[in-house]
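Presented below is the structure to which this report refers.
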Amino acid sequence: MSALRLGPLLRYTDGSSATVWVETSRPCTAEVRCADGAGGTARSFQIAGHHYALVPVTGLTAGTTTTYEVHLDGTQVWPLPGSPFPPSAIHAPGAEGDLNVAFGSCRWASPPAGGDDPVGPDALDALATRLAADPEGERPHALLLLGDQVYADETSDSTQRWLAARRDLKEGPGSGVADYEEYTHLYYESWLDPRIRWLLSTVPSFMIFDDHDVIDDWNTSAAWLADMRSTGWWQERLLSGLMSYWVHQHLGNLSLEELEADPVYEAVRETPDGTDALRAFVARADADAATARWSYRRDFGRVRLVMVDSRAARVLAEDERAMLDPGEDAWLREQVLDGRETYDHLLIGTSLPWLLPHLVHDAEGWNAALCGGERGERWARFGEKVRRAADLEHWSAFPESFAGLAELIAEAGSGRDAPATVCVLSGDVHHAYIAEPSWPGPGPDARVLQLVCSPVHNSVPLSMRLAFRIGWSAMARGIGRGLARHGRLASPPVGWRKTGGPWFGNQLMTLTLRGRSARLRLEHAKTRKGTGPRLTTLLDSELAP
């Protein structure tokens with residue numbers, strides 16, 4: 001008899017359909033049965049000895065909520081026997097388009113039950129606790145996880161013990177994961193936590209990778225990539241990382257129509273073992289990023305989300321350096337401007353912040369100029385060392401891409417059909433803040449904001465806390481201008497100021513969008529003795545009336 005190994009995860013949802021992801025112990029037919037009669041079935045597919053199914057659920061009624069069960073070969077496997085949580089449910093959004101969207105990034109797996117948590121309470125655990133206590137209360141319609149869902153290069157003590165039983169950790173990649181099987185262990189560690197498992201079964205999630213899903217500072221530069229490719233372990237790490245991302249995260253981002261048209265998904269399901277087909281796909285993606293698209297667009301009524309791959313789609317050659325390759329850049333522009341009159345709010349999800357503290361922005365632009373040869377070969381070699389040591393690889397480290405995004409946002413936010421808000425949603429930097437750009441001359445009609453929320457469950461050293469606080473100061477701006485002059489940088493096309501933060505700790509932001517109004521709430525995870533983690537509101541602010 002087949003058993004449920006991981007999941008269910010409620011992934012894509014719209015007014016009439018949804019997808020539910022599961023991992024099973026053996027080949028089987030997975031079925032979702034909803035209380036209102038909706039449902040669906042899917043035959044499992046196999047990758048590297050593991051069995052998965054993405055069940056299409058159809059027949060949902062817009063604006064309603066229905067509970068569901070998961071059956072494998074006719075036997076009920078979810079909800080788990082004796083579960084303390086309410087039944088998992090699917091909410092089919094209505095035509096009114098009201099939306100609560102929670103977002104954050106950077107989540108280490110929670111420690112085992114009863115274990116010490118060195119980085120404090122998990123914000124997703126705290127969210128699950130609140131929802132379980134009041135299943136009829138307000139909940140997110142979507143949970144956006146903006147990168148570092150697993151840490152392939154910073155593994156827990158328990159994972160390192162498991163790895164040591166498989167191979168010699170003195171050999172590369174050491175205590176980081178090496179292959180697909182080791183990646184599956186990370187997902188078990190992260191998603192089998194009981195509260196997280198229930199949360200992901202009942203709140204639709206949309207995901208994108210960042211660097212730690214593969215390795216810290218993934219695709220920093222062409223020289224960095226050459227060094228990685230010279231090792232004996234990098235190729236297997238990368239391919240396994242992309243394969244596991246495709247299975248565990250990417251598939252669930254796609255609509256039923258997109259899945260039906262996906263040749264890789266079709267190839268994987270049509271063979272008894274889809275490992276070779278998937279591996280060939282990610283190998284092509286590694287050789288030529290233009291052969292794969294990890295970015296995607298979702299429309300929630302009159303709210304548009306465009307989730308951007310700011311890792312794998314990079315152009316790394318110093319004389320052509322760009323955050324997005326030409327095809328990806330054209331795709332982003334098309335998705336943002338297509339039918340602009342049909343949305344009231346535009347959300348651009350990118351794991352890396354577009355607007356950073358001014359000192360960091362100028363340091364990254366200066367560094368990019370040095371590495372590009374602006375001050376000669378010796379400065380270029382120095383710049384590459386600094387780039388890697390200081391993690392200088394955000395949007396501002398790709399100056400033309402930074403300016404291009406500013407231009408696109410201004411175009412999308414201007415004119416008679418302009419949305420009420422354009423929000424760039426980001427994580428990565430292990431703290432939260434709000435920054436508001438301004439353009440010279442008449443700016444966009446929409447209110448434009450950079451909203452950064454990180455980490456969900458991680459930490460930030462004191463030195464970084466101090467650096468991020470100082471980075472917004474007048475003194476830091478003066479230092480940054482000096483670096484910009486040395487790098488012979490043009491002035492950025494926008495100015496910006498910090499209008500909230502920085503806030504540190506494990507946290508989530510939630511946007512509440514009603515018609516053309518928008519509110520933002522920031523919540524911190526706190527531990528209350530005897531009651532588990534709780535979310536405490538730090539900010540509740542109106543963005544658009």
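Among the residues making up region 491-514, those that are touching a residue at least 60 places away in the same chain (Cβ under 8 Å) and loosely packed, with under 14 Cβ neighbours inside 10 Å are R497, T499.
Can you find a residue in region 217-227 that is among the charged types (D, E, K, R), out of contact with any helix residue (DSSP H, G or I) (no Cβ under 8 Å at 6 or more places or on another chain) and without any contact (Cβ under 8 Å) to a residue 12 or more places away in the chain? Yes, there is a match, as at least one residue in region 217-227 is among the charged types (D, E, K, R), out of contact with any helix residue (DSSP H, G or I) (no Cβ under 8 Å at 6 or more places or on another chain) and without any contact (Cβ under 8 Å) to a residue 12 or more places away in the chain. Against the criterion of being surrounded by fewer than 22 Cβ atoms within 10 Å (Cβ to Cβ) and not acidic (D, E), R297 qualifies. When residues in region 186-238 are screened for being in a helix (DSSP H, G or I), open to solvent by 40 Å² or more (accessible area, probe 1.4 Å) and under 30 Å from A142 (Cα atoms), 3 of them pass.
Residues in region 429-440 that are open to solvent by less than 60 Å² (accessible area, probe 1.4 Å) and either at pLDDT below 95 or part of a loop (DSSP other than H, G, I, E, B) (or both): V429, H430, H431, W439. Looking at A380, A403, just one residue is among the small types (G, A, S), touching a Cys at 6+ places or on another chain (Cβ under 8 Å) and surrounded by fewer than 20 Cβ atoms within 10 Å (Cβ to Cβ), and that residue is A380.
In region 472-490, the residue that is farthest from P533 (Cα to Cα) out of those that are of a type in the set (G, A, S) and surrounded by fewer than 16 Cβ atoms within 10 Å (Cβ to Cβ) is A490. When A109, A132, A123 are checked against the criterion of being touching a residue at least 40 places away in the same chain (Cβ under 8 Å), surrounded by 15 or more Cβ atoms within 10 Å (Cβ to Cβ), out of contact with any Lys or Arg (no Cβ under 9 Å at 6 or more places or on another chain) and under 19 Å from T527 (Cβ atoms), a single residue qualifies: A109. Considering each residue of region 1-32, count those that are more than 18 Å from N253 (Cα to Cα) and polar (S, T, N, Q), and give that number. Residues meeting the conditions: 4. The strands (runs of 3 or more DSSP E) found wholly in region 1-91 and carrying at least 1 residues that are at pLDDT 95 or above and of a type in the set (S, T, Y) occupy 4-13, 17-24, 29-34, 39-43, 50-58, 65-72, 75-78. Taking the criterion of being in contact with a strand residue (DSSP E or B) (Cβ under 7 Å, 6 or more places away or on another chain), open to solvent by 40 Å² or more (accessible area, probe 1.4 Å) and either farther than 30 Å from R477 by Cα or among the aromatic types (F, W, Y) (or both), the residues of region 520-545 that qualify are K526, T527, R528, R534, T536, T537, P545. Taking the criterion of being out of contact with any His (no Cβ under 9 Å at 6 or more places or on another chain), in a loop (DSSP other than H, G, I, E, B), open to solvent by less than 60 Å² (accessible area, probe 1.4 Å) and not hydroxyl-bearing (S, T, Y), the only residue of region 145-165 that qualifies is L146. Within region 136-157, count every residue that is touching a strand residue (DSSP E or B) at 6+ places or on another chain (Cβ under 8 Å), of a type in the set (D, E) and modelled with pLDDT of 95 or more. Adding up the residues that qualify gives 1.
The values are calculated or read from the model by the stated rules, or taken from the named source; none is laboratory data. This one's a predicted model, so the numbers in the text were calculated from it and none came from an experiment. Because the Cβ atoms are built from the backbone with ideal geometry, glycine has one as well, and the counts that use them run over all protein chains shown. These accessible areas exclude ligands, DNA and RNA; they are computed on the full protein's heavy atoms, side chains included. Shrake-Rupley method; radii C 1.70, N 1.55, O 1.52, S 1.80 Å.
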